[in-house]
1. Quote the relative contact order of the chain in percent (integer), defining contacts as alpha-carbon pairs under 8 Å separated by 6+ residues.
2. Packing-wise, with mean Cβ within 10 Å as the measure, how do 230-239, 58-67 rank, highest first?
3. Sort Ile324, Ile310 from largest to smallest accessible area, using a 1.4 Å probe on the heavy atoms of the protein chains.
4. So for the stretch 125-267, Kirkwood radius off the Cα pairs, Stokes-Einstein at 25 °C and 0.890 mPa s: how many µm² s⁻¹?
5. Residue-wise, which Karplus ³J(HN,Hα) couplings in Hz belong to the stretch 311-325, taking 6.51 cos²θ - 1.76 cosθ + 1.60, θ = phi - 60°, and x for glycine or proline?
6. Tell me which of Val150, Gln102, Phe139 sits at the most positive position along the dipole axis of the stretch 50-206, charges placed on C-beta atoms (Lys, Arg +1; Asp, Glu -1).
7. Using the Karplus curve 6.51 cos²θ - 1.76 cosθ + 1.60 with θ = phi - 60°, what ³J(HN,Hα) values do you get for each residue of the stretch 219-228, in whole Hz, with x for Gly and Pro?
8. For the Cα atoms of the chain, what angle does the longest principal axis make with the long axis of helix 236-246, in degrees from 0 to 90, nearest 10?
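The values are calculated or read from the model by the stated rules, or taken from the named source; none is laboratory data. The structure displayed is predicted, hence computed values, not measured ones. Cβ atoms come from the backbone with ideal geometry, glycine included; neighbour counts cover every protein chain shown. Quick note on the areas: whole protein, heavy atoms, side chains included, nothing else; ligands and nucleic acids left out. Shrake-Rupley method; radii C 1.70, N 1.55, O 1.52, S 1.80 Å.
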Amino acid sequence: MAFVSPCSSLLEALVAACHKEVSEDGKELVFDHGAPFFTVNNAEVLGLVREWESRGLVAEWKQNFGSFDCSSNKFFDMEQEGLTKRYVGVPGMNAICKALCQEPGVERKFGVGVGRMEWLESENLWSLTGLDGQNLGHFQGVVASDKNIVSPRFTSVTGRPPPLDLNLVPELAAKLQDIPVIPCFALMLAFAEPLSAIPIKGFTMINSEVLSWAHCDSSKPGRSAASERWVLHSTMEYANSVIAQTGLQKLSEATLKKVAEEIFHEFQSTGLSISQPFFKKAHRWGSAFPATSIAKEEKCLWEKNKRLAIAGDFCVSPNIEGAIVSGIAAASKLTEMLSCL
């Protein structure tokens, strides 16, 4: 069975969210620049999270959180520690996916893009081809977590046709064709000294055209305390304004530096005595969050005859819990089907 990893889903925020950088003075800096944390309400997911917690893969992020009004420059809705359980991967948000890759029977391939998925009718198998034309093998079933697998958006980002021919799965393709997405820029900052004027470690920002969220990444459990590291998320409106000018192709260093300066300037304008960081870098999430859910009841998209499951946060809800619920549903469909072969 093949798992086609995501180009742009919230699961990617776990897979690729732990970002390593080296500052000018040689310090290694690690940031969770994707999903900052996750919460759990589903009983089955909670059971999984408790298992991960017992293995040291996740821990509760026990800090105070709130909101900040950029018009009045005041905090409000300050939430005391523990009222809402927020979980993070340890030592980074990608710890969960790293551990899953080590499970018995899992053969993992990193840095390999799937360029084409073909259904071999005579053999009743899937054939996967890499972006470089390499034959990746034949598989009895496929799980894909990329919502752009049949979408023209894939072409606008990569310049290539989508991996899956929509004529192979017309019913699924109709649901996947044009899922609206919410883009976001993340800004990673590292400071030599703590930002002591900020009384909480994570907060939603309102009445800002540029910023929507800020958190102190180094306050999470299992993180290095050698420097204070913050991650800021832009608003959808700001991200869209940049994308309208640049498109979805890879951004130039000059554009990323300009975005970094604009987002940091907005952070400084809060009046929270923000000092100059010794490290500053922006990252674009072109489709950070799905703006709709396409399979709330089914939990995943399933093509029984071809044993193809498409799962992700875009199926259930735009968060990590939604991605997990969808993944569980896809796994259930495939294991049931494969047990009959």
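1. On the way: 680 pairs, mean separation 70.7, N = 341.
Relative contact order here is 21 percent.
2. Working: 230-239: 21.8, 58-67: 17.9.
Sorting 230-239, 58-67 by mean packing, highest first, produces 230-239, 58-67.
3. Values: Ile324 25, Ile310 0 Å².
Sorted descending by solvent-accessible area, the residues read Ile324, Ile310.
4. Values: Rh = 18.6 Å.
Using the Kirkwood radius from Cα pairs, D works out to 132 µm²/s.
5. So the Karplus estimates, Gly and Pro as x, are 9, x, 4, 6, 7, 10, 7, x, 7, 5, 4, x, 5, 5, 4 Hz.
6. Projecting each Cα onto the dipole axis, the largest value belongs to Gln102.
7. For the stretch 219-228, the Karplus-derived couplings read 8, 6, x, x, 9, 5, 9, 5, 8, 9 Hz, x marking Gly and Pro.
8. Value to nearest ten degrees: 70.
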